[in-house]
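The values are calculated or read from the model by the stated rules, or taken from the named source; none is laboratory data. Here the structure is a predicted model, which means the values were calculated and not measured. We place every Cβ from the backbone using ideal geometry, glycine too, and count neighbours over all the protein chains shown.
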Ligand SMILES: [Zn+2]
Ligand SMILES: [Zn+2]
């Protein structure tokens with residue numbers, strides 16, 4: 001059956017709307033947030049170091065991201081974006097930080113938020129990997145401190161004021177907040193701005209080297225709220241305890257518990273085998289999950305099945321699952337679950353309507369520079385709300401899955417109240 005494509009331009013952002021773009025870089029995570037007042041926040045920008053250091057000709061992820069932001073971002077007077085309010089590095093791995101300098105050189109950030117510059121010893125001593133990418137990253141932060149003093153800030157876990165709307169006129173968008181709920185193994189308690197140090201030097205000192213928490217477990221996590229809409233993202237946090245042998249390694253569960261119910265969640269650690277455990281989905285209870293996939297191992301099969309709620313026998317909550325860039329190998333490995341996915345490739349944009357009561361999810365074509373929405377089934381994609389398969393025709397074709405989903409009502413606050421009540 002021939003696929004029919006309907007090219008619909010992606011509607012531009014307007015004031016009051018919250019856009020969360022999960023950009024498919026092909027080599028790591030990258031999220032661009034455009035707040036209701038035009039505040040710009042970039043969380044991570046990975047880069048493939050072999051591309052970065054290769055001869056001219058290869059397009060660098062940071063430059064592609066700049067192009068993307070200039071195309072889809074706008075300030076509140078509808079002017080082009082020429083700078084960023086925040087750059088956030090969730091943790092220091094190349095698929096999260098190695099493209100940040102390229103972005104900042106063209107769109108300089110007013111604040112760069114990092115987990116523990118310069119020595120990464122407080123509040124827990126997890127040294128950076130002794131590798132060139134980490135040296136490059138630190139060199140960039142050093143330069144920022146020299147040329148733009150005060151730009152680099154250390155994450156303040158529990159705070160909902162470190163990252164805020166910078167263009168809002170007093171009193172505008174009072175229901176918007178972006179709270180840091182984890183970082184450096186410290187987790188928000190859910191009470192005011194208080195947090196507890198979950199991973200500590202004492203824990204580390206008591207265990208052998210090979211089961212000490214690593215860089216991934218120091219990832220920052222955020223809870224973003226706008227009206228009734230709630231959204232979770234948590235870098236490369238993991239839960240794997242080696243079948244219960246090393247329980248302190250599960251940092252993911254307390255963080256998901258601190259977040260509580262959300263409407264949309266990003267899969268931790270690209271949906272890799274050591275993340276997105278049973279309690280991750282139980283606590284977050286999201287209606288949609290986004291997997292920042294870029295490697296053959298993203299996502300793990302069990303993780304994908306769990307995120308989809310796709311167990312035999314029914315009785316499980318069905319969700320919408322989107323991935324940014326599943327590879328051909330990953331598609332083969334995960335073949336039995338692809339039919340239940342909303343999309344396996346594309347830039348995934350969560351667009352929250354003014355006030356936050358409803359949201360839509362757009363999948364933008366990564367091959368097409370115009371970034372149009374390709375709607376393969378204009379009459380009925382909203383049937384996804386009932387958990388029906390989104391794939392019409394051959395699921396082997398990435399393009400056949402690209403489209404527009406929603407609008408959906410933001411229901412997480414209601415779920416949260418029911419759970420707590
Ligand atoms: Zn990663
Ligand atoms: Zn990582």
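Within segment 212-249, the set of residues being more than 13 Å from ligand 1 (Cβ to nearest atom) and under 12 Å from the mean Cα position of the chain (by Cα) comprises 221, 222, 223, 224, 231, 232. For segment 213-223, a tally of residues being over 10 Å from residue 181 (Cα atoms) and either at pLDDT 95 or above or away from ligand 2 (no atom under 14 Å from the Cβ) (or both) returns 5.
Matching residues to (1) away from ligand 1 (no atom under 16 Å from the Cβ); (2) surrounded by fewer than 16 Cβ atoms within 10 Å (Cβ to Cβ); (3) farther than 25 Å from residue 76 by Cα:
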site	(1), (2), (3)
94	no, no, yes
100	no, no, no
112	yes, no, no
117	yes, no, yes
133	no, no, yes
136	yes, no, yes
168	yes, no, no
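Look at segment 215-231: where a residue is under 16 Å from residue 20 (Cα atoms) and in contact (Cβ under 8 Å) with a residue 12 or more places away in the chain and a partner is within 16 Å of ligand 2 (Cβ to nearest atom) and assigned to a strand (DSSP E or B), sitting 6+ places away or on another chain with Cβ atoms under 6 Å, you get 221/182; 222/233.
Residues in segment 25-51 that are modelled with pLDDT under 95, closer than 18 Å to residue 69 by Cβ and either touching a strand residue (DSSP E or B) at 6+ places or on another chain (Cβ under 6 Å) or not in a loop (DSSP other than H, G, I, E, B) (or both): 26 only. Given the condition within 16 Å of ligand 2 (Cβ to nearest atom), assigned to a helix (DSSP H, G or I) and out of contact with any strand residue (DSSP E or B) (no Cβ under 7 Å at 6 or more places or on another chain), answer yes or no: does some residue in segment 292-310 qualify? Yes, some residue in segment 292-310 is within 16 Å of ligand 2 (Cβ to nearest atom), assigned to a helix (DSSP H, G or I) and out of contact with any strand residue (DSSP E or B) (no Cβ under 7 Å at 6 or more places or on another chain). Filtering segment 279-294 to residues that are touching a helix residue (DSSP H, G or I) at 6+ places or on another chain (Cβ under 7 Å) and either free of Cβ contacts under 8 Å to residues at least 60 places away in the same chain or away from ligand 1 (no atom under 11 Å from the Cβ) (or both) leaves 279, 280, 281, 283, 284, 285, 289, 291, 293. I need the full set of residues from segment 225-252 which are surrounded by fewer than 21 Cβ atoms within 10 Å (Cβ to Cβ), more than 30 Å from residue 358 (Cβ to Cβ) and touching a helix residue (DSSP H, G or I) at 6+ places or on another chain (Cβ under 6 Å), in order please. If the condition is that a residue be surrounded by fewer than 21 Cβ atoms within 10 Å (Cβ to Cβ), more than 30 Å from residue 358 (Cβ to Cβ) and touching a helix residue (DSSP H, G or I) at 6+ places or on another chain (Cβ under 6 Å), then 241, 246, 248 are the ones that fit. Mind listing whichever residues of segment 268-278 are within 11 Å of ligand 1 (Cβ to nearest atom) and free of Cβ contacts under 8 Å to residues at least 60 places away in the same chain? Answer for segment 268-278, where residues must be within 11 Å of ligand 1 (Cβ to nearest atom) and free of Cβ contacts under 8 Å to residues at least 60 places away in the same chain: 268, 269, 271, 272, 275.
Working carefully through the options 301, 341, find the one that is crowded, with 18+ Cβ neighbours inside 10 Å and farther than 19 Å from residue 249 by Cβ.
341
Count of segment 261-283 residues, restricted to those that are crowded, with 24+ Cβ neighbours inside 10 Å and either at pLDDT below 95 or outside any loop (DSSP other than H, G, I, E, B) (or both), is 8.
Residue-level check: of (1) within 16 Å of ligand 2 (Cβ to nearest atom); (2) within 20 Å of the chain's Cα centre (by Cα), residue 103 misses just (1). Just a yes or no: is a residue in segment 56-65 in a helix (DSSP H, G or I) and within 16 Å of ligand 2 (Cβ to nearest atom)? Checking segment 56-65: at least one residue is in a helix (DSSP H, G or I) and within 16 Å of ligand 2 (Cβ to nearest atom).
Can you confirm whether segment 240-247 contains a residue that is within 16 Å of ligand 2 (Cβ to nearest atom) and touching a strand residue (DSSP E or B) at 6+ places or on another chain (Cβ under 8 Å)?
Step one: filter segment 240-247 for residues within 16 Å of ligand 2 (Cβ to nearest atom), giving 240.
Okay, now just the ones that are also touching a strand residue (DSSP E or B) at 6+ places or on another chain (Cβ under 8 Å), so none.
No.
The residues on offer are 188, 140, and the sole one that is surrounded by 15 or more Cβ atoms within 10 Å (Cβ to Cβ), away from ligand 2 (no atom under 16 Å from the Cβ) and under 17 Å from residue 251 (Cβ atoms) is 188.
Every residue, every condition in (1) closer than 21 Å to residue 234 by Cα; (2) in a helix (DSSP H, G or I); (3) in contact (Cβ under 8 Å) with a residue 60 or more places away in the chain, yes or no:
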| residue | (1), (2), (3) |
| --- | --- |
| 67 | no, yes, no |
| 77 | no, no, no |
| 85 | yes, no, yes |
| 112 | yes, no, no |
| 119 | no, no, no |
| 123 | yes, no, yes |
| 129 | yes, no, yes |
| 138 | no, yes, no |
| 142 | no, yes, no |
